[in-house]
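First comes the structure, then the notes that go with it.
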Amino acid sequence: NATGKRPLSPHLTIYSLPLPSWMSVVHRATGGTLAMGFRLFGIAALVAPTGFFDCSLNYLAGIPVIFLLFKWAVSFPYVYHFFNGLRHLIWDTGRGLSLKAVHRSCYFIVGMALFISFSIASGAGIFPSAEKPALAAK
Amino acid sequence: MSAKDLVKLLRPQSALVKLIQTRCAQTAAAPQPKIKKFSIYRFDPDKPGDKPKQQIYEVDLNKCGPMVLDALITIKDTIDPTLTFRRSCREGICGSCSMNIGGENTLACLCKIPETSSTLKVYPLPHMYVIKDLVPDMSNFYYQYTSIEPFLKKKGITEADIGKESYLQSVEDRAKLDGLYECILCACCSTSCPSYWWNSDKYLGPAVLMQAYRWMVDSRDDYTDERLAMMEDKYSVYRCHTIMNCTKTCPKGLNPGLAIGEMKKMLAKYDAGKANEKAYAS
């Protein structure tokens, strides 16, 4: 393999990555953040002083926009990874692997994930959240 | 008002029409040069310490064929004879001129030059060792192809039996090969796969895997189980994460992603124990 002094042709810097490949990247990224998130949360729950989580949540709740963003940042990886995972399982049966089907399912998953994660975060629409009465009581 | 005045009023466009006709004749006689800029990857191995760089060429599209390969040939003929690239059939059947055009892997002879004013970027196939300019080293790719034994293997026949009679196949079995046999091994798909970029040494890549599947699914071939047993390791097939860049970029419209999905199903269903016994016994 006389590769010696030969340069490697550029890849990520020049390739126009289409949407399905970005969805695969985000799937891996959300998978990683979910895993790390759960672990960090578990460790924090072990070592944190009592009332730590309640205090931080109350502080965040004071700034509605940041709170909403925070809730969305927690729900989106979960929902996206779940739906894309379902698509991977469907692919494992051999279905939906045509180019048309892949693009259609991409748009569908992104739309669904954004819609559902935002619904969960804002407590609006199809997922009424239990936090609203508690905040109102304050 | 006389009739003449009325006629003049009713047909005011005649003067305008004459003007347009003369202008059209002028432009048809001397077409304005349609300049398109090409930014092409250059690397010269004969110059010591040379670094790869982009070189911009300007081509008049009125004096050049419609495809990117025509532009490359025009550049080589008229501007820079040192520009190096592979080409042969100029009709999309040999697979020589595969390269990265405008961010996508395709065949230069099938890629129409976009008539926009932006510069067209041309690179060699991604993550391959470059021999010169747009010519990558394909030896690893060809080695991986030979490793899957892309030929018909039959059991229980002797040297004397070969060529005596044709191996018959039903119409349905032949239909299974449609979409698989048309592959021209241009390597556009394999070099578009990020998994193949990171693992070209051990992962076989979509092109080779689709051909492996083509032989597994050929009813005339008797070694299906052994072919499947060859894939039983972490890297050969299972680096595929269904990213689907391969199907998106195939210039012949084939679907390697689907072939790999079907092969994964076969790997899950066949009896691995028996196949290994057969493989080691032969």
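Numbers below:
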| quantity | calculated |
| --- | --- |
| Test for residue B:141: is it more than 25 Å from residue B:198 (Cβ to Cβ) and under 18 Å from the mean Cα position of the chain (by Cα) | no |
| Candidate set: the stretch B:131-157, residues that are aliphatic (A, V, I, L, M) and touching a residue at least 24 places away in the same chain (Cβ under 8 Å); chosen: the one surrounded by the most Cβ atoms within 10 Å (Cβ to Cβ) | B:134 |
| Positions within the stretch B:71-94 being in a helix (DSSP H, G or I) and within 15 Å of residue B:39 (Cα to Cα), in sequence order | B:71, B:72, B:73, B:74, B:75, B:76, B:79 |
| Test for residue B:118: is it surrounded by fewer than 16 Cβ atoms within 10 Å (Cβ to Cβ) and hydroxyl-bearing (Ser, Thr, Tyr) | yes |
| The stretch B:110-159 - residue that is among the polar types (S, T, N, Q) and within 11 Å of chain A (Cβ to nearest Cβ) and, of those, farthest from residue B:192 (Cα to Cα) | B:139 |
| Residue B:233 vs. criteria part of a loop (DSSP other than H, G, I, E, B), open to solvent by less than 20 Å² (accessible area, probe 1.4 Å) and more than 14 Å from every other protein chain (Cβ to nearest Cβ) | no |
| Residue selected from the stretch B:81-95 under the condition of a type outside the set (A, V, I, L, M, F, W, C) and touching a residue at least 24 places away in the same chain (Cβ under 8 Å), by the criterion farthest from residue B:250 (Cα to Cα) | B:82 |
| Residues being part of a loop (DSSP other than H, G, I, E, B) and either crowded, with 21+ Cβ neighbours inside 10 Å or of a type outside the set (Val, Ile, Thr) (or both) - total across the stretch B:212-227 | 6 |
| Number of the condition not met by residue B:172 [criteria: (1) open to solvent by less than 40 Å² (accessible area, probe 1.4 Å); (2) at pLDDT 95 or above] | (1) |
| Unique match (being of a type outside the set (Phe, Trp, Tyr), surrounded by 19 or more Cβ atoms within 10 Å (Cβ to Cβ), in contact with an Asp or Glu (Cβ under 7 Å, 6 or more places away or on another chain) and within 14 Å of chain A (Cβ to nearest Cβ)) among B:254, B:209 | B:254 |
| Any hit, the stretch B:161-181, residues being under 18 Å from residue B:100 (Cα atoms) and assigned to a loop (DSSP other than H, G, I, E, B) | no |
| Pair list, Cβ under 6 Å, 6 or more apart: the stretch A:77-100 residue without any contact (Cβ under 8 Å) to a residue 12 or more places away in the chain and more than 7 Å from chain B (Cβ to nearest Cβ), other residue open to solvent by 20 Å² or more (accessible area, probe 1.4 Å) and hydrophobic (A, V, I, L, M, F, W, C) | A:96/A:90 |
| Yes/no for residue A:64 being within 9 Å of another protein chain (Cβ to nearest Cβ) and either touching a residue at least 40 places away in the same chain (Cβ under 8 Å) or not hydroxyl-bearing (Ser, Thr, Tyr) (or both) | no |
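The values are calculated or read from the model by the stated rules, or taken from the named source; none is laboratory data. None of the values given here were measured: they were computed from a predicted structure. Every residue, glycine among them, receives a Cβ derived from its backbone with ideal geometry; neighbour counts consider all protein chains shown. These area figures cover heavy atoms from the full protein model, side chains too; ligands, DNA and RNA do not enter into them. Shrake-Rupley method; radii C 1.70, N 1.55, O 1.52, S 1.80 Å.
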